[in-house]
1. Give the residue, chosen from A:A106, A:A118, A:A163, that is at pLDDT below 95 and within 13 Å of the chain's Cα centre (by Cα).
2. Please go through (1) surrounded by 16 or more Cβ atoms within 10 Å (Cβ to Cβ); (2) at pLDDT 95 or above for B:N59 and return the number of the only condition it doesn't satisfy.
3. Pairs, please: C-beta under 8 Å, at least 6 apart or cross-chain, first residue within 14 Å of another protein chain (Cβ to nearest Cβ) and under 29 Å from A:G103 (Cβ atoms) and in region A:1-27, second in a helix (DSSP H, G or I) and near DNA strand D (Cβ under 9 Å from one of its atoms)?
4. Taking region B:33-44 as the search range and keeping residues that are within 8 Å of DNA strand C (Cβ to nearest atom) and not basic (K, R), which one is surrounded by the fewest Cβ atoms within 10 Å (Cβ to Cβ)?
5. Run A:V38 past the list (1) within 15 Å of DNA strand D (Cβ to nearest atom); (2) within 14 Å of chain B (Cβ to nearest Cβ) and report the number of the one that doesn't hold.
6. Pairs please, first residue from region A:145-163 and under 19 Å from B:E175 (Cα atoms), second anywhere and open to solvent by less than 60 Å² (accessible area, probe 1.4 Å) and outside any helix (DSSP H, G or I), Cβ atoms under 7 Å, 6+ apart in sequence or on different chains.
7. Given the conditions (1) within 24 Å of A:K173 (Cα to Cα); (2) more than 8 Å from chain A (Cβ to nearest Cβ); (3) in contact (Cβ under 8 Å) with a residue 24 or more places away in the chain, which single one is not true for B:E133?
8. Could you check B:I19 against (1) modelled with pLDDT under 95; (2) buried (at least 20 other Cβ atoms within 10 Å of the Cβ); (3) within 12 Å of DNA strand C (Cβ to nearest atom) and say which number it fails?
2 protein chains.
Amino acid sequence: MKKAEATRLTILEKAFELIYVKGYQTTSIDDIIATTRVTKGAFYYHFKNKDEMGLAIINELLKPTLVGSFIGPLQSAADPSTAIYELMHNLLMENEFLKVEYGCPAANLTHEMTSWNADFNQALNELTGQWTESMTQLIERGKLNGTIRKDVNARQVVMFVMAGYWGIRNFGKLERNKEAYLPYLEELKNYLETLR
Amino acid sequence: MKKAEATRLTILEKAFELIYVKGYQTTSIDDIIATTRVTKGAFYYHFKNKDEMGLAIINELLKPTLVGSFIGPLQSAADPSTAIYELMHNLLMENEFLKVEYGCPAANLTHEMTSWNADFNQALNELTGQWTESMTQLIERGKLNGTIRKDVNARQVVMFVMAGYWGIRNFGKLERNKEAYLPYLEELKNYLETLR
DNA sequence: CCAAAAACATACTAGTTAGTATGTTTTTGG
DNA sequence: CCAAAAACATACTAACTAGTATGTTTTTGG
């Protein structure tokens, strides 16, 4: 049972790439089997239907990536202002997996799927919930170790910062150029400094 | 040539509602003619194809709304911190046209259309460009009248604020509840106060 | 090694899509 | 009032969609 797992993974990875670029609805099963060179029989052997594959992409590809790239860098950090800025800088400017013209995969799926597919909504909510959680804990730690003011409301800050991240991805899509990220990052730095 | 214009406008308005709720790609021409009770012949008399209709929605419906609801409140304002907060509060909490579960129409279209349709991209870019412009001017005025610090970078602030607005709409979609907006708005207020 | 299960392959279907061809009705200007 | 243009109506098409029916091949455990 090794080759079969590889086939399944190929489908998930290639389908994810297509969906990241084209969107979920406009990526057809025929698109997926054409680029994976896996037949329709194989596809439907591994997935009951398209939505089950979509959920598998979120749970099996996006979640681990989220933990690695979005949450990991926050867990060991002691200085929240610096850690959050550097995380955002890395995600926006350096991460070679996330392309400016295609935005943030989780945000794309949220925009497209939410409000008509409850399962996707829940899976995506868990995704952002984990990120929120880890960033909130970081700020609370900062309040304890003196790097963040005691009167700062962690939940507010996290919502504010995460909203900014998702929104600036939208600008990147529009302008198709990472330059759009720079003024945002500069002001994010200014804002984060006010929390000290 | 009065009735014909009414037909055209009906198509645009009903199509916009459908697209706002369901998305552009998943709103079919057949959906549109069914809800408008306009026949396909009439539809294609008024619009060369679906994309031409989509662009007409942006240019003839979204742009005027943008000027009225997003730009108007900024033009007469003297105190940028207050004006921007109140604009956002109004857009998020009070505007009865924008529904929390469906997000921001312009952001939705940006997410969906950009990166595969250059015409939509340009139209949407113009839309956000106008908003950016008016908010930048407001901040510059604030720097002159003493309500904003001289060392504030207007462009940075505008990108930061607008990114936040678009991003928090995403949270609203996920949680389907305006409560998600409240911590964001509180922190926005805090942030805007630091610009004084 | 060999049967049974797992994994994959091919050909199809029924429904939906944007768009067109070809009409008929309604409006308008002289 | 009446022809011509504008506005609309109906019936169709070709391409695409997710999904299925029915196979064949490959792998695996005893």
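1. Matching residue, one of A:A106, A:A118, A:A163: A:A106.
2. So the condition that B:N59 fails would be (1).
3. A:L18/A:D31; A:L18/A:I32; A:K22/A:D31
4. Filtering region B:33-44 for residues that are within 8 Å of DNA strand C (Cβ to nearest atom) and not basic (K, R), the one surrounded by the fewest Cβ atoms within 10 Å (Cβ to Cβ) comes out as B:G41.
5. Every listed condition holds for A:V38 apart from (2).
6. Short answer, once both residue conditions are applied: A:V157/A:L195.
7. Failed condition: (3).
8. Every condition holds for B:I19 apart from (1).
The values are calculated or read from the model by the stated rules, or taken from the named source; none is laboratory data. All values derive from a computational prediction rather than experimental measurement. Heads up, the Cβs are rebuilt from the backbone with ideal geometry, glycines too, and the neighbour counts pull from every protein chain shown. Keep in mind that these areas ignore ligands, DNA and RNA; they rest on the heavy atoms of the full protein, side chains included. Shrake-Rupley method; radii C 1.70, N 1.55, O 1.52, S 1.80 Å.
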